[in-house]
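The values are calculated or read from the model by the stated rules, or taken from the named source; none is laboratory data. The model shown is predicted, which means the values in this text are computed figures rather than measured ones. Backbone-built Cβ (ideal geometry, glycine too); neighbour counts: all protein chains shown.
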2 protein chains.
Amino acid sequence: MEVALLGPEGTYTHQAADQYFSDYGYTPTFYSTITDIFDSDIETAIIAFENSLGGGVEGMIDLLRERYITITGEQILEIDHCLLSRESDFEAIERVRSHPQALTQCKSLIQEHGWETVEASSTAKAASEVGANEAALASPLAGTVHGLNVLGEGVQDTKSNATRFLILNGPMDEENDKTSLILDPPEDRPGQLHSILGSFSGHEINLSYIQSRPTKRELGDYYFYIEAEIDQESEAFGKARQCLETYTAVDVLGSYPSANHP
Amino acid sequence: MEVALLGPEGTYTHQAADQYFSDYGYTPTFYSTITDIFDSDIETAIIAFENSLGGGVEGMIDLLRERYITITGEQILEIDHCLLSRESDFEAIERVRSHPQALTQCKSLIQEHGWETVEASSTAKAASEVGANEAALASPLAGTVHGLNVLGEGVQDTKSNATRFLILNGPMDEENDKTSLILDPPEDRPGQLHSILGSFSGHEINLSYIQSRPTKRELGDYYFYIEAEIDQESEAFGKARQCLETYTAVDVLGSYPSANHP
């Protein structure tokens with residue numbers, strides 16, 4: 001089974017894909033932008049959706065709304081940056097390469113050793129560029145891919161760094177407990193969001209995620225991306241949907257099993 | 001009065017500042033990053049907050065929550081890109097410089113003329129770099145600042161492009177009809193957001209904006225930035241706040257007059 005994902009080889013998305021698709025004997029195909037992934041002929045994709053430090057991935061919800069896709073799963077990955085090098089000890093390192101976010105997340109270690117920093121477009125790219133007296137901050141998988149020594153694991157300042165990935169048009173599960181949907185109300189009116197959320201709470205459905213996004217029609221005009229802790233095939237979801245449709249257009253993007261936090 | 005804002009001279013923020021502070025005889029001080037503005041010794045600042053096409057400005061809500069600031073106003077600016085050049089007609093243009101977002105927003109014009117594109121870190125920077133046979137897509141103010149000819153106004157593909165700016169620690173108004181607040185619930189529980197929103201709708205207060213952001217404590221743990229259409233000094237807001245405090249920590253960031261959409 002082929003899967004489209006953000007490259008190069010050794011990204012955290014690649015690591016998440018290895019975990020999610022390990023039972024399917026999958027073949028990854030790497031793309032350099034998110035739009036390329038959505039435009040690809042490969043049906044199945046895995047994309048980074050939100051991070052515990054940075055929040056949502058810019059523009060991703062707009063793509064989920066605009067493109068014809070089904071969300072079939074999610075995967076949560078702890079982001080543990082490794083210090084990867086061709087050198088075998090810390091003393092030889094003078095310069096460290098990585099994505100600006102990873103450099104910021106590992107500030108203590110970098111300052112402690114007084115290393116020079118070089119920015120790269122991705123952590124995986126940084127790992128591919130490591131030269132003598134250098135190290136990269138990247139995934140353990142990037143170390144394996146480029147044959148680098150792991151001089152440190154989980155070297156970031158804060159430990160609560162996890163990313164949630166969504167699987168698009170992947171294999172369907174039979175037991176689903178989560179549903180993603182887009183609600184696009186026709187016009188703004190007082191208490192609208194409260195009425196919408198009442199359709200869920202009235203049927204005892206909990207929401208795990210809600211984001212508002214501009215409709216691009218005019219400033220102040222929003223649509224909502226919501227994740228509800230229920231299967232769309234359930235009776236309660238059917239009733240909630242019946243209520244919701246009295247307030248807003250409803251577009252279900254898919255039901256899937258919720259990922260366990262590692 | 002001194003005001004800190006994102007530079008260089010001629011940015012859309014600069015144009016919004018000219019409009020908002022025109023009665024105060026203000027002096028702009030330009031910074032190259034948002035963090036530099038928040039770290040500046042200058043008390044008053046104006047920052048881009050949300051755009052009708054792109055949504056919220058990445059990371060801004062986190063800064064509003066973490067720093068000690070008061071929101072004292074807002075300003076809405078229609079983003080009309082001008083085609084600016086040292087040349088005096090379209091035929092002489094071969095290359096167009098701008099921020100990647102502006103280049104995307106003016107795709108039709110660029111494709112029609114088959115112009116080469118060069119990316120810049122801001123529209124104002126692009127205007128400062130225009131050479132022979134070149135044009136920049138930037139604000140009318142950037143044209144004035146750099147003495148360029150305006151070969152076209154409002155040349156973007158879609159007309160619904162507006163940006164909302166917030167004024168921080170500025171002059172206070174006496175008549176306020178909008179209040180920004182941060183709600184940080186102690187733990188997630190079913191129907192929590194519905195209860196919170198019920199505190200507003202129960203006191204007939206409409207919300208004009210709501211965003212959830214990760215608390216950085218753990219994945220799935222969010223706080224909310226809300227704009228309510230009411231003054232914090234009103235009786236209804238006092239009652240709503242009393243309800244809210246039974247569910248969540250409440251931090252009012254300020255009351256101010258809502259901006260008219262131009």
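Tabulated results
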quantity: Count of the stretch B:202-228 residues which are part of a strand (DSSP E or B) and buried (at least 16 other Cβ atoms within 10 Å of the Cβ); calculated: 14
quantity: Selection from the stretch B:127-147 of residues that are over 20 Å from the mean Cα position of the chain (by Cα) and outside any strand (DSSP E or B); calculated: B:127, B:128, B:129, B:130, B:131, B:132, B:133, B:143, B:144, B:145, B:146, B:147
quantity: One residue from B:118, B:130 being under 27 Å from residue B:6 (Cα atoms) and surrounded by fewer than 19 Cβ atoms within 10 Å (Cβ to Cβ); calculated: B:118
quantity: Any hit, the stretch A:216-227, residues being more than 14 Å from every other protein chain (Cβ to nearest Cβ) and of a type in the set (D, E, K, R); calculated: no
quantity: Subset of the stretch A:88-101 that is among the aliphatic types (A, V, I, L, M) and surrounded by 15 or more Cβ atoms within 10 Å (Cβ to Cβ) - its residue that is farthest from residue A:124 (Cα to Cα); calculated: A:93
quantity: Filtered residue count, the stretch B:52-96, keeping only those that are assigned to a loop (DSSP other than H, G, I, E, B), within 13 Å of chain A (Cβ to nearest Cβ) and hydrophobic (A, V, I, L, M, F, W, C); calculated: 3
quantity: Which numbered condition residue A:187 misses (of (1) more than 7 Å from chain B (Cβ to nearest Cβ); (2) buried (at least 21 other Cβ atoms within 10 Å of the Cβ)); calculated: (2)
quantity: Residue B:85 in contact with a strand residue (DSSP E or B) (Cβ under 6 Å, 6 or more places away or on another chain), surrounded by 21 or more Cβ atoms within 10 Å (Cβ to Cβ) and either over 27 Å from residue B:230 (Cβ atoms) or not assigned by TED's automatic domain parsing to the domain that holds residue B:61 (or both); calculated: yes
quantity: Residue among B:30, B:49 that is within 14 Å of chain A (Cβ to nearest Cβ), in contact with an Asp or Glu (Cβ under 9 Å, 6 or more places away or on another chain) and not in a helix (DSSP H, G or I); calculated: B:49
quantity: Within the stretch A:190-201, considering residues that are modelled with pLDDT of 85 or more and of a type in the set (Gly, Ala, Ser), the one surrounded by the most Cβ atoms within 10 Å (Cβ to Cβ); calculated: A:199
quantity: Scan of the stretch B:235-247 for residues that are over 27 Å from the mean Cα position of the chain (by Cα) and either surrounded by 14 or more Cβ atoms within 10 Å (Cβ to Cβ) or charged (D, E, K, R) (or both), ordered by number; calculated: B:235, B:236, B:239, B:240, B:243, B:244, B:245, B:247
quantity: Flag for residue B:177 being farther than 27 Å from residue B:48 by Cα and either surrounded by fewer than 21 Cβ atoms within 10 Å (Cβ to Cβ) or under 18 Å from the mean Cα position of the chain (by Cα) (or both); calculated: no
quantity: Residue satisfying condition, being within 20 Å of residue B:220 (Cα to Cα), of a type in the set (Asp, Glu) and not assigned by TED's automatic domain parsing to the domain that holds residue A:38, within set A:187, A:204, A:233, A:218; calculated: A:204
quantity: Residue B:173, sole failed condition from (1) acidic (Asp, Glu); (2) under 29 Å from residue B:38 (Cα atoms); (3) out of contact with any Gly (no Cβ under 8 Å at 6 or more places or on another chain); calculated: (3)
